[in-house]
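Bear in mind that the values in this text are calculations on the coordinates, not laboratory data. None of the values given here were measured: they were computed from a predicted structure. Methodologically, a virtual Cβ is constructed for each residue, glycine included, from the backbone with ideal geometry; neighbour enumeration extends over all protein chains shown.
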Amino acid sequence: MAWVDREYVLYRTLERHLISERLNTGFTGETGVEDFLQYSLSVQNRRKSRSGSSLENHIEHILIANEIRHVRGAKTELNSKPDFLFPSIAEYLDPTFPAERLYMLASKRSAKDRWRQVLAEADRIELKHLLTLEAAISTAQTDEMLRQRVRLVVPEPLHATFSDAQRMQLMSFRQFIGLVDDVGNAS
């Protein structure tokens, strides 16, 4: 979480500088308003894209540091691309490899309603794992995730923002690493 926070501060500092330069040149003429709207939309889209990629990069660094066998962004059924697949795409595609030893981890900085996207990824994996940095997700939403077989992976410092009942269902990133480490070492 500290890495994500620090990167965000650095990115916003750079972004502020770059946007200030563009704003100083202005948006004039007949297409000024349209140019401004287009520019604003590109800034917002860039932020969203960077945020997701940033979280994936940090997760992957931790997985590599812990020597966890995984693949990032491999294509499964219907060109679905789970963020992380464990232990590898070769085992996933091997019909003789036990499905109960396959795991996937999706990452979403904020879950909101976008968590449903993970349901269509990695058909062989019944229980999907979703790492999020979103605090205090509603009980109704976490209950629905459980019904849909999505297990939340939340960094330990954020666990306190959830109710006691929700915390019983949460998994810390440390616990998830232990889970997939056991699977990778067993193959």
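Considering only DSSP beta bridges whose two residues both sit in the chain, what percent are antiparallel, to the nearest 5?
35
Under 5 Å between amide H atoms, partner at least 5 residues away or on a different chain: which partners does residue 103 have, H built in plane at 1.01 Å?
Amide H neighbours of residue 103, under 5 Å, 5+ apart: 86.
Taking the mean number of other Cβ atoms within 10 Å as a proxy for protection, how do you rank 135-141, 149-155 from highest to lowest?
Taking the mean over residues of other Cβ atoms within 10 Å, the ranking is 149-155, 135-141.
Answer with a single label: of (i) 60, 54, 45; (ii) 87, 47, 32; (iii) 64, 38, 31, which was calculated as Cα extents along the principal axes in Å from the structure in view?
(iii)
Provide the gained length on full extension for the span residue 1 to residue 148, in nm with one decimal, where the gain is 0.36 nm per separating residue minus the Cα-Cα distance.
Once the chain is fully extended between residue 1 and residue 148, it gains 50.2 nm.
What 222 nm value per residue comes from the helices of the chain, counting each DSSP H run with n ≥ 4 as -39,500 (n - 2.57) and dividing by all residues, nearest 500 deg cm²/dmol?
Value at 222 nm, helices only: -16000 deg cm²/dmol.
How far apart, in nanometres, would the label points at residue 9 and residue 27 be if each is projected 7 angstrom from Cα along the Cα-to-Cβ direction?
3.1
Quick check: from the Cα gyration tensor, does the stretch 2-50 come out rounded (a/c under 1.5), prolate or oblate?
In terms of gyration-tensor shape, oblate.
For the chain, give the magnitude of the charge dipole about the Cα centre (Cβ charges: +1 Lys/Arg, -1 Asp/Glu; no others), in debye to the nearest 20.
Magnitude of the dipole: close to 220 debye.
Among 110, 9, 168, flag the residue with its Cα farthest along the positive direction of the charge dipole of the chain, charges on Cβ as +1 for Lys/Arg and -1 for Asp/Glu.
Of 110, 9, 168, it is 9.
Residue 57 label point, 7 Å along Cα→Cβ, cut-off 11 Å on backbone N: hits in the stretch 1-38?
From the stretch 1-38, the list is 4, 7-8, 11.
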